[in-house]
Every structure is written in structure tokens, then in C-alpha cells.
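Structure record follows, encoded as C-alpha cells.
The values are calculated or read from the model by the stated rules, or taken from the named source; none is laboratory data. Fair warning: this is a prediction, and the values are worked out from it, not measured in the lab. With ideal geometry, Cβ positions are generated from the backbone for all residues, glycine too; neighbour counts draw on all protein chains shown.
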Amino acid sequence: MVNPADVEGVLRGVIDPELGSDIVELGMLRDITIDGGDVTVTIALTIAACPMRDQIESDVIRRVGAIPDVESVTVEVGAMTQQQRSELMSTARFKAREDAEPTMVSPLTRVIAVSSGKGGVGKSSLSVNLALAVADLGFRVGLLDADIWGFSVPRMLGALDANLEADEDRKIVPLETHGIQAISTGLIVDDEGTALMWRGLMLSKALEQFLRDVRWDSDLDYLFIDMPPGTGDVQMALSRLLPQAEMVVITTPQRAAQRVAARVADMARRSHMPVVGVIENMSGFTTEDGKHYPLFGTGGGEELATELAVPLIGQVPLDPFVVEGGDDGRPVVRAHPGSPAAEALASAAARLVELVPKAEDETCTARIAVLAQQLEEMATGTG
């Protein structure tokens, strides 16, 4: 049975970008009706002509649809009364006072956590190349290496010798490389071989610093987060710090890897973080004469996607250029765009952008301000 508390929980990840709070806290959620696997969510927007309506509806459908046993999601939309809008703005102002340390990530930035249940499945390689492939589509992209112990993003981006600087407000300026912004503990330590012997609390604190003390571009469309493997402190901290985060699960065709990957998806859903889809890495090797060898088995990604009821976003084959590019700081989507892996990654990036579209710049409350100005001009005869 679908639990109303689970529905409300995932709806707390649907954010009004301008007010920086979720539709539940802002009082936009009016009703949840459950009939077997069919869920109807009634929400009230600030105004009927809200330009954020399509985004909010799609966010509600995607998040509620990710709950196990949900078969269909219907969103019924209405408009708030003047009294309800006043209450909403009061709630927003109170929350702004309470949240003394918000992150530097704009509420308009779509956050994609690239995750796996275990190491060794190529998660970091996919994180780097997906970020660059999405940037190649014309979006402003950031990449956060949250694999605090096992950082590898600096090498993959060819940035081992880069130095981070602080601005006049003592905020860390992220590295600009390959047309994206990037941050990693590998950019802070003196040597790539330095072991960071940090315990769980320090790991989550490091993630907090990367989100609160880094001057992320306010115009970022997407922020990719290369997550550490497993279901530990960093994963739990992310769901708390960035409620708008959504997850892409990385697995290999091998059934053992698929079962481990299912655990990180289960953790995401327990934390009310939607799973966008699955990407299968190391999907066999094809020789120059066209022979295909499924070196790690077949079907793991498709089976996991079916189990989670999410799309299989892509299948990335084994490709020597991926390894070469990772070692040399020349990511495969840029260095060898015609290779099998690069083409698969570019296709996965395009599909990901379809599933998680860029947030709109004009919000509902911004439209209210415009309408108020128009009414004032009409009243004074200046419009």
C-alpha cells in the first residue's frame, strides 16, 4: 500500500526556486488522495498564471512516481487566495531567518547525484564525462567530487596542479576547467597520494563546506555530484542539505553489482530522493571487426531499471579511450567524440536533460510582482 507520509515526504523535495522552500512547508500542498496505486496530489500555486506550473507539476509526478507501488500520478492545480498568499510569504520570510547558513547552490540549479552501491563501476568517469556532455549541450554545469576519500576528478580533468583561491568574502572560488566549475578535496591536498584519514562526521562536514563555502555560479543549470560508493554519511548529508537533489544509479551488467546498486537506490527513496534512472557501465566490448564480447555479463542495468521502475538512461561500452582519457586528463567525450563510449555518454546526457529539464528562470512570485506593478500603473494612470 502507498503511504501518504511517503508521498508528503517526497513532495518536500519539490522546491519553489525563488522562495527556496518546498511546497509542503509553503502550504501549497492541499490534499493527497490514494486509490490503490493511483495517487492524486492537489496543490495551490500563488497565481493561476504561474510560469513555474509545468516544472512543479513534472517534479511532483517524477518524485511521487518514484515511490514503490505507485502506478499513476495525477496533479490537480488551483490558485491561492490572497490570504493564503500572505501566509505563504510570511512562512517564506520566517524560513529565511531560520536558515542562517543556506548553501551557495541556487534553488534553480538541478542537482544530480551520480551514485553506486560499490566502487569499481566507473562512477567517477561517468560523472566527469556526463557533466562535460551536458555542458556541450549548452548548459552551465558544475561538478562536485564528494568522494572525499577516493577523489579522482582532478586527475580526470587534468587539474592536478590547479590551485584554489578565495574571493573577497572568503568563499572558495571553484576551478574553471573544460568549460565547467569543479571542486574536490584533490584540489586541496598537497599530493594526489595523500591519504585522508577522516571519520564520518568530517566527511559530512566536508560536503557542507563544498556546498556552503564554495562560490558556485548562481547561473548553474546543473550540478553533478560524484558520490562515494555505498549508503553512508555523505549520502545522508546530501539529502538534508540539498532537498532538490535527484539520483542516477550506476551499475555494471553483472548481477552481483546490480544487487548492490539496488541498495543505494533504496537509501535514496528512504531519504525521499527520487531516482531519475540507471546507467549501465562496461556494457561489453566490441572489436574493430564488429564482434561483441559481454565481458561482465548482460542485462544488469535493464533488470535494475525495471526493478526500480525508472528508465535505463544509457549503456556505456568498455572503451580504451575512457581509461586513457581518465589518466591523461582528456575526458573521452572531448578527446574522442566519435568513440563508442563518447557517443553513448552523449546520448545518456541528452536523455538525462530530457528527464530532468532545466529549471525556469521566472518564478510564480516574480510574476506576482509584475502583476502588482501593472495594477499600480493602472491605478495611477501611468501604465
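List of remarks:
- Looking only at residues in the stretch 279-299 that are modelled with pLDDT under 85 and of a type in the set (Gly, Ala, Ser), the one that is nearest to residue 319 (Cα to Cα) is 284.
- Residue match in the stretch 145-158 (condition: within 22 Å of residue 327 (Cα to Cα), in contact with a Ser or Thr (Cβ under 6 Å, 6 or more places away or on another chain) and basic (Lys, Arg)): no
- Filter result for residue 123 (of a type in the set (Lys, Arg) and out of contact with any strand residue (DSSP E or B) (no Cβ under 7 Å at 6 or more places or on another chain)): no
- Residues that are surrounded by 18 or more Cβ atoms within 10 Å (Cβ to Cβ) and within 21 Å of the chain's Cα centre (by Cα) were ranked within the stretch 356-367; the one that is modelled with the lowest pLDDT is 363.
- Qualifying residue in the stretch 303-316 (condition: surrounded by fewer than 23 Cβ atoms within 10 Å (Cβ to Cβ), in contact with a Gly (Cβ under 8 Å, 6 or more places away or on another chain) and either within 29 Å of residue 177 (Cα to Cα) or not assigned by TED's automatic domain parsing to the domain that holds residue 166 (or both)): yes
- Per the listing 100, 133, 146, 79, the residue uniquely among the aliphatic types (A, V, I, L, M) and at pLDDT 95 or above is 133.
- Selection status of residue 257, under 21 Å from the mean Cα position of the chain (by Cα) and buried (at least 23 other Cβ atoms within 10 Å of the Cβ): no
- Some residue of the stretch 11-20 being outside the structural domain of residue 272 (by TED's automatic domain parsing), farther than 18 Å from residue 275 by Cα, modelled with pLDDT of 90 or more and in contact with a strand residue (DSSP E or B) (Cβ under 8 Å, 6 or more places away or on another chain): no
Listed here are the residues, each with its yes/no results for (1) aliphatic (A, V, I, L, M); (2) out of contact with any helix residue (DSSP H, G or I) (no Cβ under 7 Å at 6 or more places or on another chain); (3) outside any loop (DSSP other than H, G, I, E, B).
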position: 13; (1), (2), (3): no, no, no
position: 49; (1), (2), (3): yes, no, no
position: 58; (1), (2), (3): no, yes, yes
position: 75; (1), (2), (3): yes, no, yes
position: 83; (1), (2), (3): no, yes, yes
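- Selection within the stretch 229-268: residues that are of a type in the set (Val, Ile, Thr) and at pLDDT 80 or above. The member of this set that is farthest from residue 103 (Cα to Cα) is 252.
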